[in-house]
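Encoded as structure tokens, the structure appears first; notes follow it.
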Amino acid sequence: MPFAQTDDGIRLHYEETGTGVPVVFVHEYAGDHRSWEAQMRHFGQRYRAIAYAARGYPPSDVPDDVTKYNQARAADDIAAVLDSLGIGKAHVVGLSMGGFATLHFGIRHPARALSLCVAGCGYGAEKGQQDKFRSEVAAVAAFLDAHGMAAFAARYAYGPTRVQFENKNPRGFEEFKRQLAEHAAIGARNTQLGVQGERPSLYDLTDRMAALTMPVLILTGDEDWPCLQPALLMKQTIPTAALSVMPNCGHTINLEDPDQFNRLVGDFIVQVECGRWPKRDPRSMVASITGMK
């Protein structure tokens, strides 16, 4: 079983398939490396596809110390996977927690990103929602301490932006819920407190996002309510960003509609590889609607 090593001594399990330009997939809070199977099968036919389990997610190491978990480490762990595989640059695709890590990877390691796909990114990012989000983070951590992973999965899987997945694909949803129940409770708890609860708001990162120069694709489901406004913010702020909204989709878009997700990400990577991904024309950002004044 292969592992990458981080600079603070954590082992990260990874899987890879295919050859060629590397594409790294970074999973969400309720997922793990297995969540990307449909993408590994698809992109592994054309690229070197890599998925890894974040710290706190077996078979990666599960540190007991909550200080081992934070947003900067989540971003740097992507670089650690690249280092262990001898990869200088890669396309990086992340969903939700993985989308935040992907964005921060672009900020912290811009020279190593061929492109960024930031999907389902925005939970708790809006200024008016931060206190509410942190209270929910604390509630999740307390529930995990009191009841364990199986009971948590039985409730968390039915969140308001995940029921779309159940309605659309009950068999896939049951697999998702079963895999969630297999996670380590202490890792899930520490990830909530250290990564989710303490990450900076996207609205405090606009200067850094505006400085990004690599191609960026922002993806969100149209029923992933907490991510819609943050997706618009990233589109407006990042000069190389495009935004695609997947219809009738919730949060877990790579599982809920893998064909559409793979097509959008695949077309994006092809344009980047061909040197055809544009930077926004500044003339499109003037305040006038018609351009007449």
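General observations
- Which of 220, 6 has the fewest Cβ neighbours within 10 Å, and the rest in rising order: 6, 220
- Once both labels are positioned 7 Å from their Cα atoms along Cα-to-Cβ, the gap between residue 245 and residue 182 label points is 3.6 nm.
- Note on residue 64 and residue 34: the model spin-label points, each 7 Å out from Cα along the C-beta direction, lie 2.6 nm apart.
- Full extension of the chain between residue 283 and residue 270 yields a length gain of 2.1 nm, computed as 0.36 nm times the residue separation minus the alpha carbon distance.
- Within the range 104-127: backbone nitrogen closer than 12 Å to the residue 89 label point (7 Å, Cα to C-beta): 110-116
- Antiparallel content of DSSP bridges confined to the chain, in %, to 5: 20 percent
- Applying 1/(1 + (r/R0)^6) with R0 = 45 Å to the Cβ-Cβ distance of residue 163 and residue 109 gives a FRET efficiency near 0.80.
- Note on 214, 1, 234: ascending count of other Cβ atoms within 10 Å places them as 1, 214, 234, the fewest first.
- Within a straight-line Cα-Cα reach of under 19 Å, residue 177 can be paired with the following lysines, leaving aside sequence neighbours fewer than 8 residues apart in one chain: 168.
- The lysines whose alpha-carbon is closer than 25 Å to the alpha-carbon of residue 279, local same-chain residues fewer than 8 away aside, are 89, 235, 293.
- Residue order, fewest to most beta carbons within 10 Å, for 276, 134: 276, 134
- Amide hydrogen proximity for residue 55: with H placed 1.01 Å from N in the peptide plane, no residue at 5 or more positions away or on another chain lies under 5 Å.
- Peptide packing for 97-103, 207-213, 51-57 was compared via the average number of neighbouring C-beta atoms within 10 Å per residue; ordered from the highest value, the list is 97-103, 51-57, 207-213.
- Shape category assigned to the range 3-275 from the gyration tensor of Cα positions, a/c cut at 1.5: rounded
- By the helix-only formula, in which each DSSP H run with n ≥ 4 contributes -39500 (n - 2.57) and the sum is divided by residues, the chain has a 222 nm mean residue ellipticity of -12500 deg cm²/dmol.
- Given R0 = 51 Å, the distance between the Cβ atoms of residue 8 and residue 259 translates into a calculated FRET efficiency of 0.85.
- For residue 132 and residue 198, a Förster radius of 22 Å and the Cβ-Cβ distance give a FRET efficiency of 0.90, rounded to the nearest 0.05.
- Label point distance in nm, residue 1-residue 222, each placed 7 Å from Cα along Cα→Cβ: 4.2 nm
Only the coordinates and a few stated rules stand behind these numbers; no lab work does. Values in this document were obtained by computation on a predicted structure and should not be read as measured data. A quick note on method: Cβ atoms are made from the backbone with ideal geometry, for glycine too, and the neighbour counts reach across all protein chains shown.
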